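The values are calculated or read from the model by the stated rules, or taken from the named source; none is laboratory data. Quantities reported herein were computed from a predicted structural model and do not represent experimental measurements. Cβ coordinates were reconstructed from backbone atoms using ideal geometry, including for glycine residues, and neighbour counts include every protein chain displayed.
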Amino acid sequence: MGTVISPFFWRMAAVLMAFLAMVSVPRAEPITLVTLEYPPYEYQDGDAVDGIVVRLLRRAFDELGQEIDIQVLPWKRAQLMAKQGTVDGIFTVFKTEERLTYLDYSSVVVMPQEVSVWALEDTDVPFDGTMESLKDMSIGLVLGVSYGQKTDDALRSGLLDRLDYAFDSAQNIKKLLAGRTDVVIMNRYGALYHLHLQNGYDRVQELTPVLSSVPSYLGFSKKRQLAGLRDEFDRVFQKMIDSGEYERIIAQYYSEKSGKTDF
């Protein structure tokens with residue numbers, strides 16, 4: 001007489017199989033992550049890719065035993081590739097409603113970013129922390145970049161109409177220093193990096209208050225079905241933060257670069 005297997009057993013087996021399917025197993029081939037030229041967080045350095053976030057991600061994926069390939073691309077192209085699923089993930093990316101439709105975001109914040117308004121030292125800008133106070137200013141922005149909900153809402157509403165878009169942050173700072181825009185809106189550390197490189201730090205002012213402190217994330221393309229790997233990444237990255245390794249990696253980066261530029 002054969003053994004009768006209860007329906008409960010099959011239900012539990014199905015649940016177990018579904019769970020195992022979600023568990024991340026490192027893939028034999030590297031996963032491909034795309035990013036933008038955004039020093040000091042991520043940038044092309046000769047044949048290599050370097051930056052604070054690049055080093056943090058490499059450490060996390062090393063812990064997972066997962067090889068990664070990082071490519072620096074124009075930001076709009078990087079976003080399109082993540083949306084189409086031709087790459088596995090994208091960083092450092094802000095959360096927007098549109099991006100939530102095609103990205104599985106990390107739950108852990110990879111890098112909090114303060115977004116500020118910058119102007120030449122001798123420019124009188126009536127900035128009071130509101131976007132309305134900038135409506136008569138010519139504003140330098142980087143094409144395709146989100147600056148947080150406050151700024152993005154003002155851009156969508158048409159409140160700000162004197163907009164001057166650049167392809168990257170270096171060009172944006174160059175235009176500010178040349179007086180071609182009244183202000184630029186930029187991540188604080190990114191602005192400081194390019195101002196030092198262009199010998200412009202002493203010529204500008206960072207206006208207060210900051211526009212926003214925006215969390216940025218690692219996003220995995222939904223089309224690649226990597227939610228399991230995302231969860232494993234969250235676990236490892238949070239462990240790095242809790243142990244102090246996150247801060248040590250950042251401190252080591254600045255220690256290495258301190259001879260070149262002062263942040």
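Applying the criterion of being outside any helix (DSSP H, G or I) and among the acidic types (Asp, Glu) to the residues of region 43-77, the residue that is surrounded by the most Cβ atoms within 10 Å (Cβ to Cβ) is Asp50. Residues in region 102-114: is at least one among the hydroxyl-bearing types (Ser, Thr, Tyr) and exposed (fewer than 15 other Cβ atoms within 10 Å of the Cβ)? Yes, that holds for at least one residue. Cβ-Cβ contacts under 6 Å between residues 6 or more apart (or on different chains), taken from a first residue in region 119-140 that is closer than 15 Å to Gln205 by Cβ and part of a loop (DSSP other than H, G, I, E, B) to a second residue that is modelled with pLDDT of 95 or more and small (Gly, Ala, Ser), are listed as Val125/Ala119; Pro126/Ser133; Phe127/Ser133. The residues listed here are Met240, Met186; of these, the one that is in contact (Cβ under 8 Å) with a residue 12 or more places away in the chain and more than 28 Å from Trp118 (Cα to Cα) is Met240.
Scanning region 63-74 for any residue that is in the same structural domain as Arg230 (by TED's automatic domain parsing) and at pLDDT below 95 turns up at least one such residue.
Per-residue answers, yes or no, for (1) at pLDDT below 95; (2) farther than 16 Å from Leu226 by Cα:
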{"residue": "Leu80", "(1), (2)": "no, yes"}
{"residue": "Tyr105", "(1), (2)": "no, no"}
{"residue": "Val115", "(1), (2)": "yes, yes"}
{"residue": "Met131", "(1), (2)": "no, yes"}
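Taking Arg99, is it among the charged types (D, E, K, R), within 15 Å of Ser216 (Cβ to Cβ) and either within 14 Å of the chain's Cα centre (by Cα) or not in a strand (DSSP E or B) (or both)? When the stated conditions are applied, Arg99 passes them. With respect to the stated conditions, Ala191 fails to be surrounded by fewer than 21 Cβ atoms within 10 Å (Cβ to Cβ), of a type in the set (Gly, Ala, Ser) and assigned by TED's automatic domain parsing to the domain that holds Trp118. Based on what the data block shows, is Phe167 aromatic (Phe, Trp, Tyr) and farther than 27 Å from Met131 by Cα? When the stated conditions are applied, Phe167 does not pass them. With respect to Asp45, determine if the residue is charged (D, E, K, R), under 30 Å from Val210 (Cβ atoms) and at pLDDT below 95. When the stated conditions are applied, Asp45 passes them.
Does at least one position in region 141-155 carry a residue that is in a helix (DSSP H, G or I) and touching a Pro at 6+ places or on another chain (Cβ under 7 Å)? Checked region 141-155: no residue is in a helix (DSSP H, G or I) and touching a Pro at 6+ places or on another chain (Cβ under 7 Å). In summary, strands (runs of 3 or more DSSP E) completely within region 157-263 and bearing 3 or more residues that are closer than 21 Å to Thr123 by Cβ and within 21 Å of the chain's Cα centre (by Cα) occur at 183-187.
Please verify whether region 247-261 includes one or more residues that are surrounded by fewer than 21 Cβ atoms within 10 Å (Cβ to Cβ), outside the structural domain of Leu134 (by TED's automatic domain parsing), within 30 Å of Phe61 (Cβ to Cβ) and in contact with an Asp or Glu (Cβ under 6 Å, 6 or more places away or on another chain). Looking for residues that are surrounded by fewer than 21 Cβ atoms within 10 Å (Cβ to Cβ), outside the structural domain of Leu134 (by TED's automatic domain parsing), within 30 Å of Phe61 (Cβ to Cβ) and in contact with an Asp or Glu (Cβ under 6 Å, 6 or more places away or on another chain), one finds none in region 247-261, hence no.
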